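One structure is given below, encoded as C-alpha cells.
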Amino acid sequence: MSKRKIYHLIEVSQKMIKTFPKMGHMNVVFNAVFYRNGKKLNSIEQADVANFSSLVRNYDKSENPDKVKVEFKDQKSGSLIWAKTFEWSDVDEEIPRALSGYSGLGEAEVNDLVQRKFSEMERSKEMERMTEELQRLQAENEELEFQMQDMQHTLDAKKQVEYYSNIIGMALPGLAKFLSNSPMGAAMNFLAGTDPEGNDQVKEDNTEPKDSQRETILEMIASFCNTMSNQELGTMYLMLSEIEKDRANLQRILQFITQAKQTNPI
C-alpha cells in the first residue's frame, strides 16, 4: 500500500479514536489484519490504541498489503466499537480527486517558489519606494527651478538698479555743480548726497534710488531741456547721439566738465 493511502487509513482511524472517550470507552484496543491479493498476512491483536499509528506503519512496510481491516474494541466489555476495511479502490474514492494526480513538490522546488515570491514582493516594494522618491525629487526640482527663476529676475532687477544708481551717483555731483546757480541746484545736491555749499557727505542710508527719485530726475532734465534755445537743444541732441553710440562718452563729458571746473574755478 502506498504511503499516501496508509496515511489516509491512519488519519481516518485517529479521528475515530478521539471520539471513543466521548462515547464512554476509556480503555480501547485494536486489531489490524493485512491482506495482499486476497491472502491474509500477519496481523496485530489486542494492541493499545496509543500505539496505533506506529504499529500500522511498521506492518505496512513489512507486509506491503493492498487491504487492511481495522477493528476497535472496548477492552473491558470486549464489544466492537468501530471497524472498517481499507482497500486500494476504497482509498482512491475517499481521497479527493483533485489530489489524485498531484505528486507534490520537493523541498528545493518549494524553497525556490518561496524565494521567487519573496523577491517579487521585495521588487514591488522597491518599485513603490523609487516611484515615491522620484515624485518627491521632481517636486523639489520644480520648486528649485521656480526659486532659480525668481532669483534670476531679482538679480536682473538689482543689476538694472545698480546700473542706474551708478550713473545717477556719478552724474549728479557734476550736474549739481554745473547747475549750481539754477533752481534745480538744491534738489540735485539732495539727490547727489551733498550739502548746499558743495561739500560731499556720505549718506548713512546707502540704499538704491527709488522710482520716485528717478522720475524726479527725468522731470528736471526735461524741464532743463525745455529752457534751451534751438541751437543749444540741437547741440544737446548731437551730444546725446554720441552718448547713445558709446555710453562711455557720458563719463568722458562729465570728467571733462569736472576737470575744467577744477582748473578754472568760478
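The values are calculated or read from the model by the stated rules, or taken from the named source; none is laboratory data. Being a predicted model, the structure only gives us computed values, none of them experimental. All Cβ positions, glycine included, derive from the backbone under ideal geometry; neighbour counts span all protein chains shown. What goes into the accessible areas is simple: the full protein's heavy atoms, side chains included, and nothing from ligands, DNA or RNA. Shrake-Rupley method; radii C 1.70, N 1.55, O 1.52, S 1.80 Å.
Across segment 103-124, a minimum of one residue is classified as at pLDDT below 85, open to solvent by 90 Å² or more (accessible area, probe 1.4 Å) and either closer than 13 Å to Asn31 by Cα or not in a helix (DSSP H, G or I) (or both).
Among all residues of segment 1-12, there is none that is without any contact (Cβ under 8 Å) to a residue 40 or more places away in the chain, over 19 Å from Arg57 (Cα atoms), open to solvent by 100 Å² or more (accessible area, probe 1.4 Å) and not in a loop (DSSP other than H, G, I, E, B). Screening Leu254 on (1) open to solvent by less than 50 Å² (accessible area, probe 1.4 Å); (2) at pLDDT 85 or above shows it passes everything except condition (2). Taking interchain pairs and intrachain pairs at least six residues apart, which have beta carbon atoms under 8 angstrom, with the first residue in segment 13-28 and on the phi < 0 side of the Ramachandran plot and the second of a type in the set (Lys, Arg)? Partner pairs satisfying both residue conditions: Ser13/Lys84; Asn27/Lys76; Val28/Lys73. Evaluate the following for Phe30: is it in contact with a helix residue (DSSP H, G or I) (Cβ under 6 Å, 6 or more places away or on another chain), modelled with pLDDT of 95 or more and not in a helix (DSSP H, G or I)? Answer is yes for this residue.
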